[in-house]
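Q: Once you've had a glance at the structure underneath, I'll fire off some questions.
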Amino acid sequence: MKFTETPLKGAFLIDLEKKGDHRGFFARFFCENEYRAHNLVTHFVQINNSLTATKGTLRGMHYQLEPSGEVKVVRCIRGSLFDMILDLRPDSPTFGKSFGAELNAENRSMMYVPKGFAHGFVTLQDDTEALYLVSSFYAPDLERGIRYNDPRFGINWPIQPVEISDKDKNWPDFDPKYHGVDTLKNLI
């Protein structure tokens, strides 16, 4: 695997190193030793799968408060999506900054999302499917979200979302107490 650090410290794009011939290729999606060599989390408790029917559907920006903070590794296995992360680590020099990249079935790139980041995506094609590893179990009482267009962050989406769940479009404006930023310290 090839690990490329994003402009947000601790977050990576991960690309497969394919070994192949006329029959196709083989590549590792995950290797504990390679993740550990990059000081990344290697223990995952869930593998989630989402299918989004319509281009322009936005899901996010989600995260969980401690003690259920999550690391995610996201890969698009069908279609195409623009994956977005937002640094919410208060001690980080990139607090409030976002980074996004296209993940699709052809490039097979993955986004490594550290604890202390909000995560979401907008689909770029109909029938887009994502698979992601998650390091903590879902804890609804600790779930939080940043609205995709919160003026505090000015996230730059590549297309205007056309479909958003009520929950995702109604997250409140950023408030450190509600969003638990003070509980996200020391998670780099």
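The values are calculated or read from the model by the stated rules, or taken from the named source; none is laboratory data. Computed from a predicted structure; not experimentally measured. We place every Cβ from the backbone using ideal geometry, glycine too, and count neighbours over all the protein chains shown.
Q: Here is a check on your reading of the model: is Ile159 among the β-branched types (Val, Ile, Thr) and surrounded by 16 or more Cβ atoms within 10 Å (Cβ to Cβ)?
A: Numbers: among the β-branched types (Val, Ile, Thr): yes; surrounded by 16 or more Cβ atoms within 10 Å (Cβ to Cβ): no.
Taking the combined requirement at face value, the residue does not satisfy it.
Q: While we're looking at this one, here's another question. Could you go through region 149-164 and let me know if any residue there is in a loop (DSSP other than H, G, I, E, B), touching a Phe, Trp or Tyr at 6+ places or on another chain (Cβ under 6 Å) and more than 22 Å from Asp15 (Cβ to Cβ).
A: Looking for residues that are in a loop (DSSP other than H, G, I, E, B), touching a Phe, Trp or Tyr at 6+ places or on another chain (Cβ under 6 Å) and more than 22 Å from Asp15 (Cβ to Cβ), one finds at least one in region 149-164, hence yes.
Q: Right, here's the next one. Assess whether Pro140 counts as being touching a helix residue (DSSP H, G or I) at 6+ places or on another chain (Cβ under 8 Å) and either among the polar types (S, T, N, Q) or surrounded by fewer than 16 Cβ atoms within 10 Å (Cβ to Cβ) (or both).
A: No; evaluated as a whole, the condition is false for this residue.
Q: If you don't mind, there's one more thing I want to ask. Kindly indicate whether Gly180 is surrounded by fewer than 21 Cβ atoms within 10 Å (Cβ to Cβ) and free of Cβ contacts under 8 Å to residues at least 60 places away in the same chain.
A: It is false that Gly180 is surrounded by fewer than 21 Cβ atoms within 10 Å (Cβ to Cβ) and free of Cβ contacts under 8 Å to residues at least 60 places away in the same chain.
Q: Residue by residue through region 31-52, note down the ones that are over 12 Å from Phe3 (Cβ atoms), in a loop (DSSP other than H, G, I, E, B) and touching a strand residue (DSSP E or B) at 6+ places or on another chain (Cβ under 7 Å).
A: Of everything in region 31-52, those that are over 12 Å from Phe3 (Cβ atoms), in a loop (DSSP other than H, G, I, E, B) and touching a strand residue (DSSP E or B) at 6+ places or on another chain (Cβ under 7 Å) turn out to be Phe44, Val45.
Q: In addition: Would you check if Asp168 is exposed (fewer than 12 other Cβ atoms within 10 Å of the Cβ), of a type outside the set (S, T, N, Q) and outside any loop (DSSP other than H, G, I, E, B)? Spell out how you get there, then give the answer.
A: Values: exposed (fewer than 12 other Cβ atoms within 10 Å of the Cβ): no; of a type outside the set (S, T, N, Q): yes; outside any loop (DSSP other than H, G, I, E, B): yes.
No.
Q: Something else about it: Among the candidates Ala27, Ala37, single out the residue that is over 21 Å from Ile85 (Cβ atoms), at pLDDT below 95, more than 17 Å from the chain's Cα centre (by Cα) and surrounded by fewer than 17 Cβ atoms within 10 Å (Cβ to Cβ).
A: Testing whether each residue is over 21 Å from Ile85 (Cβ atoms), at pLDDT below 95, more than 17 Å from the chain's Cα centre (by Cα) and surrounded by fewer than 17 Cβ atoms within 10 Å (Cβ to Cβ) leaves just Ala27.
Q: Search region 1-30 for residues being outside any loop (DSSP other than H, G, I, E, B) and charged (D, E, K, R), and hand back the single one that is nearest to Asn104 (Cα to Cα).
A: Once the filter is applied, the top-ranked residue is Asp15.
Q: As an exercise: evaluate Asp87 against (1) more than 18 Å from His179 (Cβ to Cβ); (2) among the acidic types (Asp, Glu); (3) modelled with pLDDT of 95 or more and give the number of the one condition it does not meet.
A: Of everything listed in (1) more than 18 Å from His179 (Cβ to Cβ); (2) among the acidic types (Asp, Glu); (3) modelled with pLDDT of 95 or more, Asp87 misses just condition (1).
Q: Report whether or not Asp83 is under 13 Å from the mean Cα position of the chain (by Cα) and either touching a residue at least 60 places away in the same chain (Cβ under 8 Å) or part of a strand (DSSP E or B) (or both).
A: When the stated conditions are applied, Asp83 passes them.
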